[in-house]
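Each remark here refers to the structure printed beneath this line.
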Amino acid sequence: MTTPNSLEARDIAHLVHPYTDLRAHEAKGPLIITGGRGIWVEDAEGRRYIEGLAGLWCVALGFGEQRLIEAARRQMERIAYTHTFAHRSSEPVIMLAEKLVAMAPGALNRVFFVNSGSEAVDTAIKLAWYYNNARGKPEKKRIIARRRGYHGVTVAAGHLTGLAYARAGFDLPMRDRFLHLTPPSHYREGLPGESEEAFTDRLAFELETLIAAVGAETIAAFIAEPVMGAGGVIVPPADYFRKIQPILRRHDILMIADEVICGFGRTGNAWGSDTYGIEPDMVTCAKQLSSGYQPIAALLMTDAVFEVVAEQSAKLGVLGMGYTYGGHPVPAAVALRTLEIYEEDGTFAHVRRVSPRFLERLKALEQHPLVGEARGVGLLGGIELVRDKRTREQFDPALKLAAKVVENCAARGLLLRPLPGDVVGICPPLVISEDEIDDLFDRLAGALEDTSGALDRAA
Ligand SMILES: Cc1ncc(COP(=O)(O)O)c(C=O)c1O
């Protein structure tokens, strides 16, 4: 049997790790996860942790869910691979499309399957361009996103992601097609004394001003996560999207809701769009679509968008895009079973039931001297660390304080993730119980104490 240490050496020798300083990784080595049950995972040395970020915001049903394992096994036995190119199809893909449409917000009646959130966003961008070419509006191509938004890292989606780390060192050649606005963080972006209402009015005005400056005839779409996840868990003011959406409609700009994190119950409703009154023309979803058990993502679009796309494909003779694994029957079968389980088990209602405890324990962390703001919705939360609570001054980024808190959490058996802006993200599996929520926050509160203790000693 391989010992954990030799596994570590082999990881360092061969694996290129995303989201690390690769040299620092060589010095530190990996945390090798070998098993999991429910909200818990185990490492190669037998230590147990609460998976407080549900992997990467995805394992909604927890680990070891036999009904999903069985769905994958059954589908592999029947037909392990087929595709949806050129008139082919398969049962799980058809049934999954039907189920997604039935639960989708608004009039989203068409589904295109891909493998990842980034691919779903890339597909949304390409179809928005295709759509406007088809409508004889070839100049209408710009996409508006927000700073701190996360939409993936492929070449096109990477242009939309408004975070420095996703840009530095990479050429992003299509800059003039992608524009970024202020994120709806009242805490960080609000002016002194500015009410939340005045703040959202200002953001709506910023959008109007941008449209006037570059011309609505050059703008195809606006993309937004209902709640920003990877950029620092930014929960928008309740009326933010209600002010933004009419402006988009007025200027014939598509609204793309990036539901890759918020979709499937995370905010307490099926979609973040339901929680915030968004009526999207397109939706990207992934992650909790299969509870992270298989890679699968989707782009949903309205009939109105689809009809234009279909007409253009008839003119050109083909819709010239698709992926080998885009309509893979095994991830589709697992995703279909995932959506069935959400219904059978009442998972979204469970989120609404336990969310008050989650938010109460989250909010209580604002009492801690290091926590400037604790914010959340449903079972999604973030704490923003500050040097001075009154002025909201941040720590020197070189200190990497959020990463230190996350390290201290790991030492206490809790896995979380540091996010830009000195934020610690919290996003447990949706099946977490109230007792487990208490356990999670006890560990996090302890880790905050450990961190401030270390800061005091260093001072
Ligand atoms: C909102 C959002 N969109 C898109 C993506 C990209 O998804 P993927 O990593 O599957 O490409 C992510 C990933 O975290 C995300 O959070």
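Structure data summary
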{"quantity": "Residue-count net charge about D21 - beta-carbon cut-off 11 Å; Lys, Arg +1, Asp, Glu -1", "calculated": "+2"}
{"quantity": "Kyte-Doolittle mean at least 0.0, axial Cα span of 24 Å or more - DSSP H helices of the chain", "calculated": "196-214"}
{"quantity": "Stretch gain in nm, segment E360-I247, where the contour uses 0.36 nm per residue and the Cα spacing is subtracted", "calculated": "37.2 nm"}
{"quantity": "Separation of the A403 and T324 label points, Cα + 7 Å toward Cβ, nm", "calculated": "3.5 nm"}
{"quantity": "Beta bridge orientation in segment 67-345: antiparallel %, DSSP, nearest 5", "calculated": "45 percent"}
{"quantity": "Per DSSP, loop trypsin sites (Lys or Arg not before Pro) in segment 45-81 with at most 16 further Cβ within 10 Å", "calculated": "R47"}
{"quantity": "Cβ-Cβ FRET estimate between D303 and V214, R0 fixed at 30 Å, reported to 0.05", "calculated": "0.55"}
{"quantity": "Those GluC sites (Glu not before Pro) in segment 188-261 that DSSP places in a loop and that have at most 14 other beta carbons within 10 Å", "calculated": "E194"}
{"quantity": "For segment 130-204 and segment 29-94, distance of Cα centres in Å", "calculated": "32 Å"}
{"quantity": "Convex hull volume of segment 183-328 per residue (C-alpha atoms, cubic angstrom)", "calculated": "134 Å³"}
{"quantity": "Qualifying chymotrypsin sites (Phe, Trp or Tyr not before Pro) for segment 96-194 [loop in DSSP, other Cβ within 10 Å: at most 15]", "calculated": "F170"}
{"quantity": "Accessible area (Å², 1.4 Å probe, nearest 10) - E366", "calculated": "50 Å²"}
{"quantity": "Descending Cα extents along the principal axes, the chain, whole Å", "calculated": "69, 60, 44"}
{"quantity": "Count, lysine Cα pairs under 29 Å in segment 67-345, 8 or more residues apart or across chains", "calculated": "16"}
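The values are calculated or read from the model by the stated rules, or taken from the named source; none is laboratory data. Model, not experiment: these values are computed from the prediction. As a convention, Cβ positions derive from the backbone with ideal geometry for all residues, glycine included, and neighbour counts pool all protein chains shown. Remember, those area values only see protein heavy atoms, side chains included, never the ligands or the DNA or RNA. Shrake-Rupley method; radii C 1.70, N 1.55, O 1.52, S 1.80 Å.
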